[in-house]
Every structure is written in structure tokens, then in C-alpha cells.
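Provided herewith is a single structure, encoded as C-alpha cells, for subsequent inquiry.
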Amino acid sequence: MSDVRVPLAIKRQVAERAGHRCEYCMLPELFSPAGFCIEHIMPSSGGGLSEIDNLAFACAGCNGHKADKIQEPDPITKRVVRLFHPRNDDWKRQFKWSSDGLVIEGRTAIGRTTVVALKLNRAGLTNLRRLLVREGIHPPL
């Protein structure tokens, strides 16, 4: 993680652009027990800038698991692939929801790798998703 400061106005823009959802696991900020972060998609430690196109809105869990990772091995092919990039990749092309809406499944190597690397189906998230499904507010459209 970096101690790079992002101006409040930019933080607000990033959150609004994301619809106040984590851009990785789609957790709504409103239901998160922990604060959200402005995440550097290309980490500042790797030269990534604090520019709006390099920033994502992320829950603390996804931000913590991503850290400074930009690539990891695909769990199926074992080939190293880049992680999901919220500015360049379409979430629905890379991921899909399981039929019950509880689990994020990777559609592509990038999706599969990101699911594993960021632990997008951690127990706390799937438990929260179960409650949100019951309330009719998950999965997101």
C-alpha cells in the first residue's frame, strides 16, 4: 500500500463513477463494515500516478488483497496474466454471478485470476451477499 494522498474532490469523483460500489467485488459501500479506499490500479510503487484513470473505488478487503499486484498465475492454465483493470476491462465480460448471486465466477483468464488473487468470494462477502439477495438488492444489475 502507498501513502500517496489523493485530493478529496478526486476521491468523490472516483466513488461516484463507481456508483459507490467496489469496482472489483461489487460490494455496495452502504453495506460495508469497513471504509472504502481509493486504489491505484497501477500501484504508485510501480510508477502508477494518482490520476483519475488510474484510480478505482475498492472495499478494504479487495484493496488489501490486491496491494501492489498487477498480475498473477491463472488458476487453470498457470500462465501469468494481468489482473482486472476497472478502467480498461468490462466487468460483465470478465466475471459473472453464480445462479444464486453469491459467487463471482471468472469468465476469462483475467477474471479467474482476479477472483483468486483478490479473494472476491471471501466468506464475509458471500454471507453479506446472501443477506442482500434476500432483501432483493443483489446482485447488481
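Considering only helices (runs of 4 or more DSSP H) fully contained in segment 62-141, which possess at least 1 residues that are surrounded by 12 or more Cβ atoms within 10 Å (Cβ to Cβ) and of a type in the set (S, T, Y)?
Result: 109-117, 123-134.
Being surrounded by 18 or more Cβ atoms within 10 Å (Cβ to Cβ) and not basic (K, R) is the filter here; which residues of segment 7-31 pass it? So that I can check it myself, show each step before the final result.
Here is the first cut: in segment 7-31, the residues surrounded by 18 or more Cβ atoms within 10 Å (Cβ to Cβ) are 14, 18, 21-27.
Selection gives V14, A18, C22, E23, Y24, C25, M26, L27.
I'd like to verify a number: residues in segment 45-59 that are part of a helix (DSSP H, G or I) and buried (at least 16 other Cβ atoms within 10 Å of the Cβ), how many? Quick ask: steps written out before the conclusion?
Pass one, segment 45-59, residues part of a helix (DSSP H, G or I): 45-46, 52-54.
Subset that is buried (at least 16 other Cβ atoms within 10 Å of the Cβ): 54.
Matching residues across segment 45-59 total 1.
Take the residues of segment 88-141 that are of a type in the set (D, E) and farther than 20 Å from I76 by Cα: which is farthest from the chain's Cα centre (by Cα)?
Here the answer is E135.
May I pose another question? State the number of residues belonging to segment 32-44 that are outside any loop (DSSP other than H, G, I, E, B) and either buried (at least 18 other Cβ atoms within 10 Å of the Cβ) or among the β-branched types (V, I, T) (or both). It would help to see each step written out before you state the result.
The first filter runs over segment 32-44 and keeps only residues outside any loop (DSSP other than H, G, I, E, B), leaving 36-40, 44.
With the extra rule that they be either buried (at least 18 other Cβ atoms within 10 Å of the Cβ) or among the β-branched types (V, I, T) (or both), the set shrinks to 36-40.
Residues in segment 32-44 being outside any loop (DSSP other than H, G, I, E, B) and either buried (at least 18 other Cβ atoms within 10 Å of the Cβ) or among the β-branched types (V, I, T) (or both): 5 in total.
Hey, A9 hits all of (1) under 30 Å from L131 (Cβ atoms); (2) part of a helix (DSSP H, G or I) but one; which does it fall short on?
Only one criterion in (1) under 30 Å from L131 (Cβ atoms); (2) part of a helix (DSSP H, G or I) is unmet by A9, namely (1).
Computed from the coordinates by the stated procedures, all read-outs in this text should not be read as laboratory data. A quick note: this is a predicted structure, and the numbers were derived from the prediction, not measured. Positions of Cβ are backbone-derived with ideal geometry, glycine not excepted, and every protein chain shown enters the neighbour counts.
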